[in-house]
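Okay, structure first, notes after.
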Amino acid sequence: MSKKILITGVGGQDGYFLAKLLLERGDTVHGLLRGGSEDEIGSLKFLGEAELARIGIHRGDVTEKWFVDELIQRELFDEVFHLAAQSSVARSIGHPRETIDTNVLGLTNIATSIRDRSPKTKLLFTGSSEMFGDLTDGKQSESAPRHPQSPYGLTKDFGFQLINAYRKHYGLWAATAILFNHESEFRGEQFVTKKIIQSVARISAGRDETLSLGNIYAERDWGYAGDYMEGVLDVMALELPDDFVFATGQLHSVKDFVNLAFKHAGIELEWSGEGLDEIARDPSNGKVVVRIDEQFYRPGDIKGTCGDYSKASHQLGWKPRTTLEETISKMIQHEQSKEL
Ligand code: F7E
């Protein structure tokens, strides 16, 4: 049966994939976008015209309780996917207040409106591996110790706990999908993978450019956003709410990602130097194409995160399908099509 769905933060990378999957399933999709003019629709611009026309766009801010109350009460959605967030860890360090407003108040408003005005609505919150902080012992499953290190991570830990409390105390169908890093061609430019890919596309198109990065020895578990949104749909389909980790279980450093991305463009980097003086050259012309810049280092950066998705695998039959090389290939192709 067709469902009436709301995706908050529908203009982001994940909103694109989720909206596409739900439309394919024949659901009635509503999307919430923050303010902006009518033509500001973020990643939704990559949907086909016919698909886009099927999404009911609402404009408003999740931090405004009256707005959220009115929307939830009027539309009585079957399901709400709460994606809206200030999602940059780096930005959260400089702008903690903005991050807390959007992420903490936003989720609280949505969950409370559902509790008070539409309690049959299912609520899925997209959590983050940032709530775990650094890897301590083995891979991080749903029950791993949580030691968030950034304001962003703290807000995601808050969200995880709020969802649990509303589920337990008010009987809401509320679940958290704990997402490890997930990338795609629609990734925002503030994230390291997109920054690297954009630079690789420009350098391989013959532009004179050096990619400046911070800590290239930070390690992440990078998956493909499209795969993770399929998992998120599987969680929402459950009769009883529960929390699930979505990850690949593979750890790569930023430097590995840089090497793979340049290799995909036919450039086998040659590295030399150490610390802030480390550089990488394109051996075909001797040009420095990667250097280190202190301004991109973060206080409290997480050294490494790596997820254990065995619960999702056993209970949902989910597993990541796209390899990191395939993700890189999709991202580079998308960038190159823009370069033409
Ligand atoms: O950084 C290092 C940086 O900004 C990855 C979000 O989706 O995943 C994401 O958060 C790593 C960090 O993502 C640069 O220090 C080096 O160690 O791409 P990122 P993130 O902070 O891991 C989690 C799970 C989320 O939930 C978040 O919403 O790369 N790094 N040099 C750099 N990072 C950036 N952005 N820029 C650099 O120049």
Next item on the list: Could you do me a favour and compute the accessible area per residue for the stretch 1-59, 1.4 Å probe, result in Å²?
Entry: 48
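Need one number: % antiparallel among DSSP beta bridges in the stretch 152-289, to the nearest 5.
On the way: 7 of 12 bridges.
Counting DSSP beta bridges with both partners in the stretch 152-289, the antiparallel share is about 60 percent.
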Next item on the list: On the protein heavy atoms, probe 1.4 angstrom, tell me the percent of accessible surface of the stretch 293-340 carried by carbon and sulfur.
Entry: 45
Item checked: Cα-projected label distance for Glu274 with Arg146, points at 7 Å along beta-carbon direction, nm -> 4.0
Check: Of Lys194/Lys311; Lys20/Lys255; Lys45/Lys120; Lys194/Lys319; Lys4/Lys311, which pairs sit farther than 26 Å apart, going by alpha carbon to alpha carbon?
Finding: Lys194/Lys311; Lys20/Lys255; Lys45/Lys120; Lys4/Lys311
Notebook entry, point to check: With no solvent and one point per C-alpha, what does the Debye sum give as log10 I(q)/I(0) for the stretch 232-340 at q = 0.11 Å⁻¹?
Noted result: -0.56
Margin query: List the residues, sorted by chain then number, that are 5 or more residues from Trp318 or on another chain and whose placed amide H is less than 5 Å from its amide H.
Written below: Ser313
Next item on the list: Apply the Karplus parameterisation 6.51 cos²θ - 1.76 cosθ + 1.60, with θ equal to phi minus 60°, to every residue of the stretch 311-324 and state each ³J(HN,Hα) to the nearest whole Hz, in sequence, with x for glycine and proline.
Entry: 5, 5, 5, 6, 8, 10, x, 8, 8, x, 9, 9, 6, 4
Next item on the list: Quick one: check the C-alpha center-to-center distance for the stretch 31-96 versus the stretch 135-151, whole angstrom.
Entry: 29
Check: Extension gain Arg74-Glu40, at 0.36 nm per residue separation less the Cα-Cα distance, in nm?
Finding: 9.8 nm
Check: Per residue, how many Å² of accessible area does the stretch 255-294 show with a 1.4 Å probe?
Finding: 55
Item checked: Estimated vicinal HN-Hα couplings, Hz - the stretch 119-128 in sequence order (Karplus 6.51, -1.76, 1.60; Gly, Pro = x) -> x, 8, 5, 7, 10, 10, 9, 8, x, 8
Margin query: Restricted to Cα positions, what overall size does the chain have along the principal axes? Three whole-Å values, descending.
Written below: 64, 46, 39
Check: Residue by residue through the stretch 135-152, which ³J(HN,Hα) values in whole Hz follow from phi under the Karplus form 6.51 cos²θ - 1.76 cosθ + 1.60 (θ = phi - 60°), with glycine and proline marked x?
Finding: 4, 10, 10, x, 7, 9, 9, 4, 9, 4, x, 10, 9, x, 10, 10, x, 4
Next item on the list: Identify the GluC sites (Glu not before Pro) of the stretch 215-244 meeting these criteria: DSSP loop state and at most 10 other C-beta atoms within 10 Å of the C-beta.
Entry: Glu239
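The values are calculated or read from the model by the stated rules, or taken from the named source; none is laboratory data. This is a predicted model, so every value here is computed, not measured. Every residue, glycine among them, receives a Cβ derived from its backbone with ideal geometry; neighbour counts consider all protein chains shown. Just so you know, the surface numbers come from the protein's heavy atoms only, side chains and all, with ligands and any DNA or RNA stripped out. Shrake-Rupley method; radii C 1.70, N 1.55, O 1.52, S 1.80 Å.
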